1. Scanning for something over 27 Å from Pro234 (Cα atoms), at pLDDT 95 or above, touching a strand residue (DSSP E or B) at 6+ places or on another chain (Cβ under 9 Å) and among the small types (Gly, Ala, Ser), does region 69-80 turn up at least one residue?
2. If Phe258 passes every condition in (1) under 30 Å from Glu135 (Cα atoms); (2) surrounded by 14 or more Cβ atoms within 10 Å (Cβ to Cβ); (3) modelled with pLDDT of 95 or more but one, which one does it miss?
3. Are any of the residues in region 235-243 closer than 17 Å to Glu160 by Cβ, part of a helix (DSSP H, G or I) and at pLDDT 95 or above?
4. Which of the residues belonging to region 298-332 are open to solvent by 40 Å² or more (accessible area, probe 1.4 Å) and closer than 23 Å to Ser36 by Cα?
5. List every residue pair whose Cβ atoms lie under 7 Å apart, where the two residues are 6 or more positions apart in sequence or sit on different chains, the first residue falls within region 169-186 and is within 17 Å of Ser334 (Cβ to Cβ) and modelled with pLDDT under 95, and the second residue, located anywhere, is open to solvent by less than 20 Å² (accessible area, probe 1.4 Å) and among the small types (Gly, Ala, Ser).
6. When Ile263 is evaluated against the numbered criteria (1) among the aliphatic types (A, V, I, L, M); (2) modelled with pLDDT of 95 or more; (3) exposed (fewer than 14 other Cβ atoms within 10 Å of the Cβ), which criterion, by number, is the only one it fails?
7. For Glu49, are the conditions met, namely being of a type in the set (D, E, K, R), open to solvent by 10 Å² or more (accessible area, probe 1.4 Å) and over 30 Å from Ala100 (Cα atoms)?
8. Quick one: Gly269 ticks every box in (1) free of Cβ contacts under 8 Å to residues at least 12 places away in the same chain; (2) closer than 30 Å to Asp306 by Cβ; (3) not hydroxyl-bearing (Ser, Thr, Tyr) except a single one, so which number is it?
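The values are calculated or read from the model by the stated rules, or taken from the named source; none is laboratory data. Being a predicted model, the structure only gives us computed values, none of them experimental. Because the Cβ atoms are built from the backbone with ideal geometry, glycine has one as well, and the counts that use them run over all protein chains shown. Heads up: the accessible areas ignore ligands, DNA and RNA and are worked out on the full protein's heavy atoms, side chains in. Shrake-Rupley method; radii C 1.70, N 1.55, O 1.52, S 1.80 Å.
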Amino acid sequence: MPHPEVTPRSDAAGALPDAMRAWRVTRLGEPAEALSLDTVAVPAPAAGEVLVKVAAVAANFPDVLLCRGEYQVKPELPFSPGIELAGVVAAVGDGVAGLAVGERVVGSKIGVLSEYAVLPASDVWRAPSALSDAEAAGLTVAYQTAWFGLHRRAALQPGEWLLVHAAAGGVGLAAVQLGVAAGARVIGVVGSDAKAAVAREAGAEVVLVRGSDDLAAGVKAATGGHGADVVFDPVGGAAFDASTKCIAFEGRIVVVGFAGGTIQTLPAGHVLVKNYSVLGLHWGMYPRVRPDLIDVARTELTRLADAGTIRPVVDHAVPFEQAPEALTALASGSTVGRVVIELTS
């Protein structure tokens with residue numbers, strides 16, 4: 001669809017169009033059927049908000065769930081999916097300090113799969129200069145999730161064994177890279193032989209293939225019988241069950257999600273007998289409850305990215321017009337790292 005002919009308006013960013021293209025969910029279903037490319041008004045930032053000219057949107061599994069109506073947040077139809085972006089500040093609302101028009105930023109909020117997006121200033125931060133737009137777009141959700149899971153919830157220590165499920169996915173690769181950065185010894189679990197190389201390149205010392213390897217036995221063998229000190233589990237189901245069989249004394253299992261489709265069931269008696277902990281992680285609570293910790297995480301992630309220690313892995317990028325294809329590819333489970341939707345100027 002061609003870009004609409006619109007009349008510019010003047011504001012803090014200079015001339016901005018009155019209208020933009022936005023992908024919107026107009027009916028619930030799979031992304032290819034649910035999404036419509038519409039022309040809508042460019043929003044204006046209210047007090048405490050910023051308007052971002054979007055450069056790249058990283059696809060996330062919650063985008064697929066939003067299209068299906070299966071996410072815990074259910075916006076009223078029609079709505080735009082997209083939960084994290086990289087772009088440039090185009091305008092700022094009253095009371096915004098520390099962010100200026102023209103600054104390159106990353107941020108997270110439902111509804112950013114459009115040419116412009118309004119976000120609370122607190123949900124936006126400066127993009128690390130070492131990362132491209134496509135890479136930076138995938139930094140906010142996955143890496144903050146992994147950082148809080150490993151450091152805030154599990155208190156991962158140097159030299160400990162870290163078991164990461166879905167280690168070739170977006171959040172899994174973030175956990176592998178951050179685990180290595182923390183001095184841990186990382187065991188990655190992937191869904192196929194083809195994905196194993198990606199986990200190894202990210203720093204996993206040992207890689208096990210789900211469905212081919214005995215996960216519990218593999219972890220015990222790799223660790224000399226010690227087991228995993230920390231488990232990062234965004235999968236649930238059989239992955240969680242295997243983790244309970246190879247968790248170390250005083251180990252910590254961090255429940256991040258259940259992308260495998262089966263919610264983890266806590267075996268309280270087993271937790272007691274083996275003396276381990278099961279910790280929940282809902283990263284989305286931290287911006288509201290402990291925003292000070294969000295600042296700590298962002299500072300550390302920026303430092304690690306600029307040092308080249310962490311770098312989001314981009315499986316492939318598609319143009320804005322092919323956004324439904326990006327979400328379909330993500331839903332298939334065949335991708336590694338991030339699928340990114342790019343916008344051109």
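1. Scanning region 69-80 turns up no residue that is over 27 Å from Pro234 (Cα atoms), at pLDDT 95 or above, touching a strand residue (DSSP E or B) at 6+ places or on another chain (Cβ under 9 Å) and among the small types (Gly, Ala, Ser).
2. The failed condition is (3).
3. The answer is yes, given that some residue of region 235-243 is closer than 17 Å to Glu160 by Cβ, part of a helix (DSSP H, G or I) and at pLDDT 95 or above.
4. Matches in region 298-332: His316, Ala317, Pro319, Glu321, Gln322, Glu325, Thr328, Ser332.
5. Final answer for the pair search is Gly170/Gly138; Gly170/Ala142; Gly170/Gly337; Val171/Ala142; Val171/Ala146.
6. Against the list (1) among the aliphatic types (A, V, I, L, M); (2) modelled with pLDDT of 95 or more; (3) exposed (fewer than 14 other Cβ atoms within 10 Å of the Cβ), Ile263 comes up short only on (2).
7. no
8. Only one criterion in (1) free of Cβ contacts under 8 Å to residues at least 12 places away in the same chain; (2) closer than 30 Å to Asp306 by Cβ; (3) not hydroxyl-bearing (Ser, Thr, Tyr) is unmet by Gly269, namely (2).
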